[in-house]
Structure formats: C-alpha cells, structure tokens
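Here the structure is laid out as structure tokens; the discussion comes afterwards.
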Amino acid sequence: MNNGSIRVSLIICAAILLIAGIYFASSVFAPLTFALLTLALVWPLQEALEERLPKFVALFVTLTVTVIVVLAFASILAWALSGIADWLIRNVQRFQTIYTQVTDWLEEHGIFVAGVISERFDVAWLIRMFQEVALRINRLSGFAILAFVFLMMLLLEVKEFSRKIGSLKGAGPKLVEAGSETAQLIRRYMLVRTLLSLITGLAVWGFALLMGVEPASAWGLLAFTLNYIPFLGSFVATLLPGLFALAQLDTWSAILVVIVGLAFIQFLLGNYVEPLVAGAALSISPFAVVFAVFFWGYLWGIPGAFIGVPIMIAVIAVCSKFAGSRWVSTLLSGVPPDLLKRR
C-alpha cells in the first residue's frame, strides 16, 4: 500500500471517528454549536455595548435581549401548535368520517387495507403526533439552558480567544479571518431567512384565510417558524394544511388548489425570491443545503436541522481560506472560484 492510499484511509477513519464522536456526544456539541451560531448573531450588539458600558453590564443586556428573542420565537411556535391541536381535538370526528369513507371506497374496489392501516394509523395518530412534537419541544429546555451557559462563556472570552488563535503561526490569521467572515455570512443568512419567513407566514396565512382552511393564523405562524429549516420546514408547512383541508373543504378540486397553492408559495419564495435577496455572496449549492439539513438533523434532531446550513456556511468559509481545501468550498458553494480566491 502506497503513502497516498494510507493517507486516504487515515482521513476516512478520522472522519468516521469524528462523526461518531459528534453523534454520541450530541448533548454537548449540539448546544455548543448553537451557542456559536448565536454568538455570531449577537456579537455586534455586545461589541457596541462594550464601547459605552462596563463589560458585565453589556453582557447582561446582550443575554437579556437574546433570551427575549428566543422566548418570543418559542412562544410563536407553541401558540401555533396549540391552536392547530385544539382545532383538531374539537373536529376529530371529521377526520374519522373521512377515514371511514376512504376505507369503504377501497373495500368496494377490492382493496382491503382497513386492518393494516388501523394497526399503524387512526385519527388519534394525528393527536399523538402533536403530543410527541410538544414533548420534544419541552425536552429542548435542557438544551437551551446549556447553550445559554456556553454563550455566556463565549461572550466573555471571544476577544481573548481570537487573539490566541491569531497569534498561532501559519494558519492562525487565516482562521481568524475565516471566523469573522463566517459570522458575517451567518448574520446575512439569518436576516434573509427571517425576511423570507415573514413573507412566507403572511402568504400562507392569507391563502389559508382565502381558502377557508382553519386555523389560518396558526398556519401562518407555523409556516413562519418552520421556514427557518430549509426544505423540511416548507414540506411540513405544506403537508399539514393540506391534510386539514381534507376535513374542511367539500370538493377534491378545492383541496388540490390548497395543496398546489401552498407548494407554489414555497417554490416561488425558495427558488426565486431567496436567491434574489441573498445574492451570490451567500450562494450555497442546493445539494449542500439538503445534505446539511438531513445530515445534521439525523445527528442532532431538530436543533441539527435548524443549524445545519450555518454549519455548512462555516465549512465553506474556512475551506476557502486554504489552497489545499479550496476545492471543497468551490464544490459546496455557488460562488465562482475566482471570487473564492479573492476572499
């Protein structure tokens, strides 16, 4: 075996061990990564406050603002889910009727699936699904507390840590530059996602209200929050109103209009408005986005799906600073190679 084969084998083994470590230590690495993402977002506020206030006072204000924003976001999601679950419980008989009609129609055509389906799905399955989602959100409280502690420590030491990295010979200055660029790109990414989430939420609310799919306000808020998770969020925000339309609308044509209309909203915003707003500086390969969402979602669950794209942004920014890894950045991003060299 030549040296090249040995090197490739060692890299593969190291990658497998790294992924395994990230997976099994997710209770630590996931909150830490989320804290780093939050640090990139709130550091300009902390830095501006430190110019006018003592460091610990600035830290307190920054953490307070961060907690308020996170609680507001969580409250919006909780209110949307509770509104949908409440409507479901009050109208569960509608779904039971549809279930009976579908199974009867299938049996009339020689397809006997009622027994098979009933073992895996019944109307109560939708209720259990929302209960499971609520349970998972409650479990995120421990995650949030640990991420908050990490964020507090990072805000206290970020300048000193940056100076230590910059003092390293060779790669130190490039790593500091990559970190600064990553923070800027993440802030731009979150600004774009927030703008698109607001537009998506308003569009879904207006469309649901127009088509008579209740509760329209809850669907709009759910679309707003889920839009922060690319692909998966938009898929859920389209599928759930479509399912509820089955129990509320009288004709299949109206139900089809709801599903197609919601899909068109997501497609239009995701494929035309987002590239226009984000620009080439934030261009990421669609494959890289899908891979990041599903890969980190598999490793870390909901938090991983949420921060998967920012992690990919960091990987692209770091790889673009070194000649040996610039090809990775070129493959994963939509930025031309000559632009990567100028970064």
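We did not get these values from a lab; they are worked out from the coordinates using the rules stated. Computed from a predicted structure; not experimentally measured. Positions of Cβ are backbone-derived with ideal geometry, glycine not excepted, and every protein chain shown enters the neighbour counts.
Counting charges near Leu39 (Lys, Arg +1; Asp, Glu -1) among other residues having Cβ under 13 Å from its Cβ returns a value of 0. Within the stretch 1-90, the trypsin sites (Lys or Arg not before Pro) that combine a DSSP coil assignment with at most 14 other C-beta atoms in a 10 angstrom radius are Arg52. Extending 7 Å from Cα along the Cβ direction at Leu191 and again at Phe24 yields two label points whose distance is 4.3 nm.
Summary of packing: across the peptides 150-157, 227-234, the per-residue average of other C-beta atoms within 10 Å ranks them, highest first, as 227-234, 150-157.
Relative protection proxy for 191-198, 72-79, from highest mean packing down: 191-198, 72-79 (other beta-carbon atoms within 10 angstrom). Sorting the segments 200-206, 211-217, 313-319 by their residues' average number of neighbouring beta-carbon atoms within 10 angstrom, most packed first, yields 313-319, 200-206, 211-217. Per residue, the convex hull spanned by the alpha carbons of the stretch 4-79 comes to 150 Å³.
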